[in-house]
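First comes the structure, then the notes that go with it.
The values are calculated or read from the model by the stated rules, or taken from the named source; none is laboratory data. This structure is a prediction, so every number in the text was calculated from the model and none was measured. No Cβ is skipped: glycine too gets one built from the backbone with ideal geometry, and neighbour counts run over all protein chains shown. The protein model used for the area step is the full one, side chains on, heavy atoms only, and it has no ligands, DNA or RNA in it. Shrake-Rupley method; radii C 1.70, N 1.55, O 1.52, S 1.80 Å.
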Amino acid sequence: APTAKGKLVTIEAPSSDSERSESSPAPSESSLSTLESELGGNDKISKPSGEAGRPGRGGYNLEEQLGWGDDGFKSLKRFVNKAIKKHLDVTKCRSQQHRRALDTVCDLAVAEFPDLSTFENCWPVLDLIQMRLKYLSSRAR
């Protein structure tokens, strides 16, 4: 009910600035990465906005964002593509994969390429998985 919601907001209103940044960020500070950096728990590289592989449409070039050069990127891409073939269902897109299988591919990639641990939530690998499965699942139809 609207009345209960109003009471909830009143009860949760922060009494000080420090309490506000820890428990209920202002609307402009509501992104998870902003909250994590405020709390000092995250110096990892966050994912750029948009979709990988679509730099002309508000996305970004994954190879450029990774910053590993042509050989490093190709090596990672080959490794991830092999792991996808072995651990994921290539007839389905990323959102329909089992979370555990996606985590396995990420864990294998981080073990092989330790620098990936500097990226928040292993996003470069998840982006490679997304692009590869998008391609493979569309071919399977």
Can you find a residue that is within 15 Å of A52 (Cα to Cα) and of a type in the set (A, V, I, L, M) anywhere in the stretch 101-117? no
Does the stretch 37-53 contain at least one residue that is surrounded by fewer than 16 Cβ atoms within 10 Å (Cβ to Cβ), modelled with pLDDT of 50 or more and part of a helix (DSSP H, G or I)? no
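D71 - would you say it is in a helix (DSSP H, G or I), modelled with pLDDT of 95 or more, of a type in the set (D, E) and within 20 Å of S46 (Cβ to Cβ)? Give the steps one after another, and end with the answer.
Values: in a helix (DSSP H, G or I): yes; modelled with pLDDT of 95 or more: yes; of a type in the set (D, E): yes; within 20 Å of S46 (Cβ to Cβ): no.
So D71 fails the test.
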Within the stretch 75-84, identify whether any single residue is outside any helix (DSSP H, G or I) and surrounded by 12 or more Cβ atoms within 10 Å (Cβ to Cβ), and answer yes or no. no
Could you list, in sequence order, the residues of the stretch 86-141 that are more than 17 Å from the chain's Cα centre (by Cα), at pLDDT below 95 and part of a helix (DSSP H, G or I)? Y135, L136, S137, S138, R139, A140
First in the stretch 121-141 and over 23 Å from G69 (Cβ atoms) and open to solvent by less than 60 Å² (accessible area, probe 1.4 Å), second anywhere and among the basic types (K, R) and assigned to a helix (DSSP H, G or I), Cβ under 6 Å, 6 or more apart: L133/R94
Could you list all residues from the stretch 111-120 that are among the hydrophobic types (A, V, I, L, M, F, W, C) and within 14 Å of W68 (Cβ to Cβ)? F113, L116, F119
